[in-house]
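Working notes for the structure below.
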Amino acid sequence: PDATYGRFRIPTLGVDTPLGTRFVSGDGVMPNPTGPGDVVWYDFGEWTGWGGDLGDGQNAVFSGHVDYAAYVAYADAQFRGRGVFYALDLLSPGDVIEVDVDGEVLRYAVEWRRLVAADGGSWRDIMGSDVEQDSITLITCGGEFVPHRPGGPGSYIHRDVVVAERFQ
């Protein structure tokens, strides 16, 4: 219900899903998308030099779940299965990503994809707003899943990151 910002599509993967927004507050935590099928764009308004608005010549940052195992309140159901970015690791340079906001469809071509350590990646370089060409960055969990980590629940130790640049 909160994914009302637009639509997000990756035709080669069969992704066509609602797009929501999340605000990154002063603590720097990027809130998760609401459910397994949602993609969100992050508003880094309080973070100078991070992210950017769609189509503004900066780097708009998005995320979606690779998988999901939790209660989904809006569906009043327990869900366990693949998330919208489950197959993100199958993207190759040149694959198209479309973002539809306010009736305008912005098209981006994948430049690269890589796994980045969740705890030690160069996140400022990946999510920084200073880019040579209007770009988007997609982030999801990836790599090895560690079922039980000291001091917390299980988690992935990497993030799968895709960067794409806008074309006409």
Of the criteria (1) in a loop (DSSP other than H, G, I, E, B); (2) polar (S, T, N, Q); (3) crowded, with 16+ Cβ neighbours inside 10 Å, which one GLN133 fails: (3)
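Any residue at all in the range 104-121 that's open to solvent by less than 30 Å² (accessible area, probe 1.4 Å) and touching a Leu at 6+ places or on another chain (Cβ under 7 Å)? Talk me through it step by step, then tell me what you get.
First pass over the range 104-121, keeping only residues open to solvent by less than 30 Å² (accessible area, probe 1.4 Å): 106, 108-110, 116, 118, 121.
Now restrict to residues that are touching a Leu at 6+ places or on another chain (Cβ under 7 Å): 106, 110.
The answer is yes, given that some residue of the range 104-121 is open to solvent by less than 30 Å² (accessible area, probe 1.4 Å) and touching a Leu at 6+ places or on another chain (Cβ under 7 Å).
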Out of everything in the range 73-100 that is over 20 Å from LEU13 (Cβ atoms) and not aromatic (Phe, Trp, Tyr), what residue ends up being least open to solvent (accessible area, probe 1.4 Å)? ALA77
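Looking for something assigned to a helix (DSSP H, G or I), of a type in the set (A, V, I, L, M, F, W, C), farther than 19 Å from ILE10 by Cα and within 16 Å of the chain's Cα centre (by Cα) - is there at least one such residue anywhere in the range 105-126? I'd like the intermediate steps shown before the answer.
To start, the set of residues in the range 105-126 that are assigned to a helix (DSSP H, G or I) comprises 123-126.
From what's left, of a type in the set (A, V, I, L, M, F, W, C): 123, 126.
Now drop any that are not farther than 19 Å from ILE10 by Cα, which leaves 123, 126.
Filter once more, so that each one left must be within 16 Å of the chain's Cα centre (by Cα): 123, 126.
So far as the range 105-126 goes, yes, one or more of its residues are assigned to a helix (DSSP H, G or I), of a type in the set (A, V, I, L, M, F, W, C), farther than 19 Å from ILE10 by Cα and within 16 Å of the chain's Cα centre (by Cα).
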Between residues in the range 51-76 that are more than 26 Å from ILE126 (Cβ to Cβ) and aromatic (Phe, Trp, Tyr) and residues that are assigned to a strand (DSSP E or B) and open to solvent by 30 Å² or more (accessible area, probe 1.4 Å), which pairs lie under 9 Å by C-beta distance while being six or more apart or on different chains? TYR71/ALA77; TYR71/GLN78; TYR71/PHE79
Exactly one condition in (1) open to solvent by 40 Å² or more (accessible area, probe 1.4 Å); (2) under 14 Å from ASP67 (Cα atoms); (3) of a type in the set (Asp, Glu); (4) touching an Asp or Glu at 6+ places or on another chain (Cβ under 9 Å) is false for GLU144; which is it? (4)
A careful count of residues in the range 1-45 that are open to solvent by less than 10 Å² (accessible area, probe 1.4 Å), out of contact with any Lys or Arg (no Cβ under 8 Å at 6 or more places or on another chain) and either free of Cβ contacts under 8 Å to residues at least 24 places away in the same chain or not hydrophobic (A, V, I, L, M, F, W, C) (or both) gives 2
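Which members of the range 83-99 meet the condition of being of a type in the set (D, E, K, R) and assigned to a loop (DSSP other than H, G, I, E, B)? First the steps, then the outcome.
Filtering the range 83-99 for residues of a type in the set (D, E, K, R) gives 89, 95, 98.
ASP95, the sole residue that qualifies.
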With the condition kept exactly as written, say whether any residue in the range 154-168 is at pLDDT 95 or above, polar (S, T, N, Q) and open to solvent by 30 Å² or more (accessible area, probe 1.4 Å). no
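The values are calculated or read from the model by the stated rules, or taken from the named source; none is laboratory data. What you are looking at is a predicted structure, and each value in this text was computed from that prediction instead of being measured. Methodologically, a virtual Cβ is constructed for each residue, glycine included, from the backbone with ideal geometry; neighbour enumeration extends over all protein chains shown. What goes into the accessible areas is simple: the full protein's heavy atoms, side chains included, and nothing from ligands, DNA or RNA. Shrake-Rupley method; radii C 1.70, N 1.55, O 1.52, S 1.80 Å.
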